[in-house]
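Peer 1: Got a structure for you, questions after.
The values are calculated or read from the model by the stated rules, or taken from the named source; none is laboratory data. Note that the coordinates shown come from a computational prediction; the quantities given were computed from them, not determined experimentally. Don't worry about glycine lacking a Cβ; one is built from the backbone with ideal geometry, like all the others, and counts go over all protein chains shown. Ligands, DNA and RNA are excluded from the accessible area calculation, which covers all protein heavy atoms including side chains. Shrake-Rupley method; radii C 1.70, N 1.55, O 1.52, S 1.80 Å.
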Amino acid sequence: MNIIKHVKRGLWNHLMKSGIEMGLASIIYEVGVASKYVNHAMRTGDLGLAGTSNLYGEDQLALDVLADEIIKDRLDHTGRVSRIISEEQSEIIIFDRKSKAGGYSVCYDPLDGSSLVDVNLSVGTIVAIYAGDDPLQSGRHQVGAMYVVYGPRTTLVYGAGNGVHEFTLNSLGEYVLTREYLTVKKQGNIYSPGGVRCDYSLEHEKFVKKLEDEGYKLRYSGGFVPDINQILLKGGGLFMYPGTATAKHGKLRLPFELNPMAYLMEAVGGAATDGRRAILDLDCYDIDQRSPVYIGSRDEVELAAKFFAGDMK
Ligand code: AHG
Ligand code: MN
Ligand code: MN
């Protein structure tokens with residue numbers, strides 16, 4: 001391993017070179033630090049369910065609760081975050097500091113797809129970052145977003161206004177740049193259908209059938225982060241989690257799942273809608289707000305809109 005190359009391609013160097021405001025850079029960097037502890041706990045700990053205790057009698061935390069604790073601690077440590085929304089917290093958390101000028105608010109899913117860890121499938125962390133004291137903003141106002149994939153490799157993808165870039169955790173515990181200025185294919189060959197077929201609306205059913213008739217390959221792991229990561233890095237295509245008869249607004253949450261992924265997908269030249277409107281333009285007013293989602297290559301997202309506008313028979 002060429003150590004100097006790894007030092008030069010480290011995450012902090014990249015953030016500084018990108019000219020990102022120091023507070024925003026430290027948030028992205030500290031989530032990277034937190035992800036190393038989450039990664040370690042996931043691959044070494046015998047983490048049972050919350051409420052059990054380990055051999056030292058300490059309360060054992062479920063991995064997603066532990067991940068939440070670690071990320072919350074690192075965000076507080078930056079001294080630049082005034083409010084957070086976490087999938088694991090039932091209300092907005094205010095850090096006991098008057099947000100300094102240039103403070104930030106962060107929405108995150110500490111461990112998306114956490115139930116997949118027990119069957120050794122890839123999971124992820126998803127983060128949206130806003131300037132100021134209000135974490136409940138339209139996704140269009142994000143100043144940055146990122147995700148971490150805990151898979152065969154641990155990779156971190158971030159965007160903060162100057163391209164979207166991928167880093168891979170090396171054996172020294174450093175995130176080193178592995179792909180820079182990512183772009184998604186305008187049209188792809190993968191579809192991730194989401195939901196349960198018997199609950200599909202007529203429009204969604206017809207749209208999914210259209211993709212299948214066109215030979216799209218079904219790729220659906222049950223993990224939003226690795227499924228999106230595959231569309232971004234590999235064949236392009238579309239991830240969907242539709243509104244259904246039983247769940248009109250779908251399953252995925254706007255503040256900490258859809259907004260950050262939509263920010264990144266638009267930044268790489270893709271798109272993300274609720275079938276009609278851009279995810280980033282949706283008014284975000286509740287920490288548990290859900291929305292149907294069609295996210296990925298631009299052509300497929302636009303095709304979905306035609307089915308929902310009733311233009312396609
Ligand atoms: P979480 O584990 O944070 O609740 O999120 C899981 C989500 C997302 O990762 C995935 O796309 C979706 O659940 C899968 O849902 P189904 O199991 O209903 O397909
Ligand atoms: Mn989630
Ligand atoms: Mn989660």
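Peer 1: Just one of the numbered conditions (1) touching a strand residue (DSSP E or B) at 6+ places or on another chain (Cβ under 9 Å); (2) under 17 Å from Pro226 (Cα atoms); (3) away from ligand 2 (no atom under 16 Å from the Cβ) is not true of Arg80; which one?
Peer 2: Result: Arg80 passes all but (2).
Peer 1: Among Tyr220, Tyr241, Tyr216, which is the only one that is within 19 Å of the chain's Cα centre (by Cα), at pLDDT 95 or above and either over 28 Å from Arg140 (Cβ atoms) or open to solvent by 50 Å² or more (accessible area, probe 1.4 Å) (or both)?
Peer 2: None of the others qualify; the one that does is Tyr220.
Peer 1: Restricting to region 209-259, name every residue that is away from ligand 2 (no atom under 16 Å from the Cβ) and under 21 Å from His165 (Cβ atoms).
Peer 2: If the condition is that a residue be away from ligand 2 (no atom under 16 Å from the Cβ) and under 21 Å from His165 (Cβ atoms), then Gln230, Ile231, Leu232, Leu233, Lys234, Gly235, Gly236 are the ones that fit.
Peer 1: Suppose we keep only residues that are among the hydroxyl-bearing types (Ser, Thr, Tyr) and outside any strand (DSSP E or B) within region 151-181. Which one would you say is most open to solvent (accessible area, probe 1.4 Å)? Talk me through it step by step, then tell me what you get.
Peer 2: Kept after step one, since they are among the hydroxyl-bearing types (Ser, Thr, Tyr), are these residues of region 151-181: 154-155, 158, 168, 171, 175, 178, 181.
Retained after the next criterion (residues that are outside any strand (DSSP E or B)): 171, 181.
On the way: Ser171: 105, Tyr181: 125 Å².
The selected residue is Tyr181.
Peer 1: What are the residues in region 111-150 that are open to solvent by 10 Å² or more (accessible area, probe 1.4 Å), away from ligand 3 (no atom under 16 Å from the Cβ) and either free of Cβ contacts under 8 Å to residues at least 12 places away in the same chain or assigned to a loop (DSSP other than H, G, I, E, B) (or both), if any?
Peer 2: Within region 111-150, Asn120, Gly132, Asp133, Asp134, Leu136, Gln137, Ser138, His141 meet the criteria.
Peer 1: With respect to Val184, determine if the residue is open to solvent by less than 20 Å² (accessible area, probe 1.4 Å), touching a Ser or Thr at 6+ places or on another chain (Cβ under 9 Å) and among the hydrophobic types (A, V, I, L, M, F, W, C).
Peer 2: It is true that Val184 is open to solvent by less than 20 Å² (accessible area, probe 1.4 Å), touching a Ser or Thr at 6+ places or on another chain (Cβ under 9 Å) and among the hydrophobic types (A, V, I, L, M, F, W, C).
Peer 1: Go through (1) under 16 Å from the mean Cα position of the chain (by Cα); (2) over 19 Å from Tyr158 (Cα atoms); (3) of a type in the set (Val, Ile, Thr) and name the single condition Val268 misses.
Peer 2: (2)
Peer 1: Hey, another quick one. Could we say that Met261 is under 16 Å from Tyr147 (Cα atoms), away from ligand 3 (no atom under 16 Å from the Cβ), open to solvent by less than 20 Å² (accessible area, probe 1.4 Å) and not in a strand (DSSP E or B) here?
Peer 2: Taking the combined requirement at face value, the residue does not satisfy it.
Peer 1: Within region 1-78, considering only helices (runs of 4 or more DSSP H) that don't extend past its boundaries, which have at least 2 residues that are closer than 27 Å to Ser114 by Cβ and at pLDDT 95 or above?
Peer 2: 22-44, 63-78
Peer 1: Taking Asp96 as the residue in question, decide whether it is out of contact with any His (no Cβ under 9 Å at 6 or more places or on another chain), surrounded by fewer than 19 Cβ atoms within 10 Å (Cβ to Cβ), modelled with pLDDT of 90 or more and more than 23 Å from Glu166 (Cβ to Cβ).
Peer 2: no
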